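Take a look at the structure set out below.
The values are calculated or read from the model by the stated rules, or taken from the named source; none is laboratory data. As the structure is a prediction and not an experimental result, all values here were calculated from the model. Because the Cβ atoms are built from the backbone with ideal geometry, glycine has one as well, and the counts that use them run over all protein chains shown. Heads up: the accessible areas ignore ligands, DNA and RNA and are worked out on the full protein's heavy atoms, side chains in. Shrake-Rupley method; radii C 1.70, N 1.55, O 1.52, S 1.80 Å.
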Amino acid sequence: MDSADATGLQATLFNFAIAELVRQHRESFQPIWTVDSWVKLLIWLSLNCGCPGDEAGMTSFADALGPTLTGRMRRLFFERELEDLDLKVMADPAEQQVLILPMGPGVPLNRSLAGSVIKRIGLEDDVVMDQDRWQELDAALAIPRRAGER
């Protein structure tokens with residue numbers, strides 16, 4: 001195996017490990033679906049990587065991650081794949097709306113199903129539940145967040 005293949009394999013393993021780490025621990029930090037839970041995950045990761053718990057240590061950790069990895073981790077942290085329904089929910093509190101979209105072609109998505117999905121994942125207090133205010137996009141449903149919830 002040449003060094004390029006080894007480096008590619010290491011990068012693939014790293015990406016897999018990071019994704020699994022985020023998925024396995026994202027429910028551990030309460031309240032879920034909040035910026036606070038995201039920050040708690042980052043603090044936990046930094047401390048487990050040996051960074052000091054002070055502001056300088058946290059800043060060094062965030063700088064070491066960089067914007068690309070941090071963005072990828074944040075997307076994973078705030079999305080859920082509901083495999084039994086073949087739907088994905090994207091609910092980053094920095095966004096003004098929650099998106100529900102099918103994971104494959106031909107997957108049905110209607111407002112009633114979306115409403116039950118929102119309740120199932122615990123977002124009913126964070127979004128506008130009046131379905132008349134929901135917006136159907138090409139292959140997704142956009143549900144506005146309640147004012148002041150972000």
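Scanning the stretch 64-89 for residues that are aliphatic (A, V, I, L, M), within 17 Å of residue 41 (Cβ to Cβ) and free of Cβ contacts under 8 Å to residues at least 40 places away in the same chain turns up 64, 65. Selection of the stretch 2-54 for residues being at positive phi and free of Cβ contacts under 8 Å to residues at least 60 places away in the same chain yields only 50. In the stretch 104-124, the residues that are open to solvent by less than 50 Å² (accessible area, probe 1.4 Å) reach residues that are in a helix (DSSP H, G or I) and not aliphatic (A, V, I, L, M) with C-beta atoms within less than 7 angstrom, at least six apart or across chains, in these pairs: 115/131.
Can you find a residue that is without any contact (Cβ under 8 Å) to a residue 40 or more places away in the chain and surrounded by 11 or more Cβ atoms within 10 Å (Cβ to Cβ) anywhere in the stretch 93-101?
Looking through the stretch 93-101, none of the residues is without any contact (Cβ under 8 Å) to a residue 40 or more places away in the chain and surrounded by 11 or more Cβ atoms within 10 Å (Cβ to Cβ).
In summary, residue 139 fulfils each of the numbered conditions (1) touching a Pro at 6+ places or on another chain (Cβ under 8 Å); (2) open to solvent by 80 Å² or more (accessible area, probe 1.4 Å) with the single exception of condition (2).
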